[in-house]
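Engineer: Below is one structure. I have some questions about it.
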Amino acid sequence: MKKLPTYLDHASTTPVDKRVLEAMQPYFSEMYGNASSKHVYGTQAKSAVDLSRNHVAQLIGAEPKEVYFTSGATESINWAIKGYIEENPENGKHIITVKTEHKAVLQTCEYLESRGIEVTYLNVDQNGLISLDELKESIKDSTSMICVMHVNNEIGVIQDITAIGQIAKENNICFFCDATQAAGKVPIDVVHNQIDLLCLSGHKMNGPKGIGVLYIGSGIKLTPLHHGGGQEKGMRGGTYNTPLIVGIGEASRIAYEEFDQRVDQMLKRREKWETYFEEQGFGTVQFKDTSRTPHILSVQVNTDAEDFLMVNAMNFAASTGSACNAALMEVSHVLKAIGNESGNLIRVSI
């Protein structure tokens, strides 16, 4: 069998942990009951769903009743932002977000702009961080939501979520945080950080694809995403996908229980790869003096990023920091926002 290159694109997706796969397997063919059924097969599945909800809640510092299962972070993002704005019109029609957010947030906000919602897009500095003063100055009487991601998916920098949560709380504004790249790599505490809504995805932390979570803090009201069936307290109707729910639960348990060990391993591997890229003369590691996640490093290469990855495709599989538009090859919105118009930045994620 042909040897594959080293996989360095874990920010895109991760392999399923063998323990996660083992935990999921019985719910495909042995304990296959519908978790909404009242007989023994159903109660088996329901118990597994409840246990997974507990594991996810523990990972983010929430109560199990505040955890809702979705098909992934994109669904959670759409539900959080649209659902809150629709359900709480009395709170105002103004959203504050950031120019470097994931496209799922930006395009949801663009859609809401077409429906009469005003959106302010905060700038970032050359390290991808917002100005807390600009955030405060952007708040209006009509501001309903603040949407800021925890860890940037392209460059790995960490926003000051604690300070942002405090600002939102002081102004009685709903705070939504996309924690997709943070879960399992950076500590998350929705209570301490005063987060009202938070999303994460299973396949970014060694769980399966097709399953995600939306944390909805107590007292936060959203319009139901799906009507019918009554699942998830009537907020998201549809048959429970028990195997995948078990998968994200087990991935969350492992991430919580092995957090320190895993972060230590990631930091050591990151240092190894930083040394490799710089000693080989491939380029310069960016954001070293900025708070950043342990699993992502950005390298400004000395040639075109796409050409660099193609030349080295037999050695390692990474991505451009941009996930460029395939047809136009445009520099990504994140790189534009930090003033890196060259686009020669690659994302190595371990």
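Engineer: Residues of segment 1-35 being of a type in the set (Val, Ile, Thr) and either farther than 19 Å from LEU309 by Cβ or in contact with a Cys (Cβ under 7 Å, 6 or more places away or on another chain) (or both), which ones?
Structural biologist: If the condition is that a residue be of a type in the set (Val, Ile, Thr) and either farther than 19 Å from LEU309 by Cβ or in contact with a Cys (Cβ under 7 Å, 6 or more places away or on another chain) (or both), then THR14, VAL16, VAL20 are the ones that fit.
Engineer: Regarding GLN44, is this residue touching a residue at least 24 places away in the same chain (Cβ under 8 Å) and either more than 23 Å from the chain's Cα centre (by Cα) or more than 26 Å from PHE316 (Cβ to Cβ) (or both)?
Structural biologist: no
Engineer: Can you name the condition, by its number, that LYS3 falls short on among (1) closer than 21 Å to SER349 by Cα; (2) under 28 Å from the mean Cα position of the chain (by Cα)?
Structural biologist: If we test LYS3 against (1) closer than 21 Å to SER349 by Cα; (2) under 28 Å from the mean Cα position of the chain (by Cα), just (2) comes out false.
Engineer: Looking at (1) buried (at least 19 other Cβ atoms within 10 Å of the Cβ); (2) more than 27 Å from TYR256 (Cβ to Cβ), can you tell me which one ALA62 breaks?
Structural biologist: Every listed condition holds for ALA62 apart from (2).
Engineer: I'm told GLU101 meets every condition in (1) in contact with a Cys (Cβ under 8 Å, 6 or more places away or on another chain); (2) of a type in the set (D, E, K, R); (3) exposed (fewer than 14 other Cβ atoms within 10 Å of the Cβ) except one. Can you identify the failing condition by its number?
Structural biologist: With respect to (1) in contact with a Cys (Cβ under 8 Å, 6 or more places away or on another chain); (2) of a type in the set (D, E, K, R); (3) exposed (fewer than 14 other Cβ atoms within 10 Å of the Cβ), GLU101 is out only on (3).
Engineer: Which members of segment 145-172 meet the condition of being touching a strand residue (DSSP E or B) at 6+ places or on another chain (Cβ under 8 Å) and surrounded by fewer than 21 Cβ atoms within 10 Å (Cβ to Cβ)?
Structural biologist: Those that are touching a strand residue (DSSP E or B) at 6+ places or on another chain (Cβ under 8 Å) and surrounded by fewer than 21 Cβ atoms within 10 Å (Cβ to Cβ): ILE158, ILE167, LYS169, ASN171.
To keep it simple, each residue is scored yes or no on (1) out of contact with any Cys (no Cβ under 7 Å at 6 or more places or on another chain); (2) free of Cβ contacts under 8 Å to residues at least 12 places away in the same chain; (3) under 30 Å from MET24 (Cβ atoms); (4) not charged (D, E, K, R).
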{"position": "ARG270", "(1), (2), (3), (4)": "yes, no, yes, no"}
{"position": "PHE277", "(1), (2), (3), (4)": "yes, no, no, yes"}
{"position": "GLN300", "(1), (2), (3), (4)": "yes, no, no, yes"}
{"position": "GLU306", "(1), (2), (3), (4)": "yes, no, no, no"}
{"position": "MET310", "(1), (2), (3), (4)": "yes, yes, no, yes"}
{"position": "MET314", "(1), (2), (3), (4)": "yes, no, no, yes"}
{"position": "SER319", "(1), (2), (3), (4)": "yes, no, yes, yes"}
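Engineer: With (1) farther than 18 Å from SER201 by Cβ; (2) touching an Asp or Glu at 6+ places or on another chain (Cβ under 8 Å); (3) of a type in the set (A, V, I, L, M, F, W, C) as the list, and ILE85 as the residue in question, which single condition is left unmet?
Structural biologist: With respect to (1) farther than 18 Å from SER201 by Cβ; (2) touching an Asp or Glu at 6+ places or on another chain (Cβ under 8 Å); (3) of a type in the set (A, V, I, L, M, F, W, C), ILE85 is out only on (2).
Where a number appears in this text, it was derived from the coordinates with a stated rule and is not lab data. Just so it is clear, the structure is predicted and the values come from calculations on it, not from any experiment. Here Cβ is always computed from backbone atoms with ideal geometry, including for glycine, and neighbour counts include all displayed protein chains.
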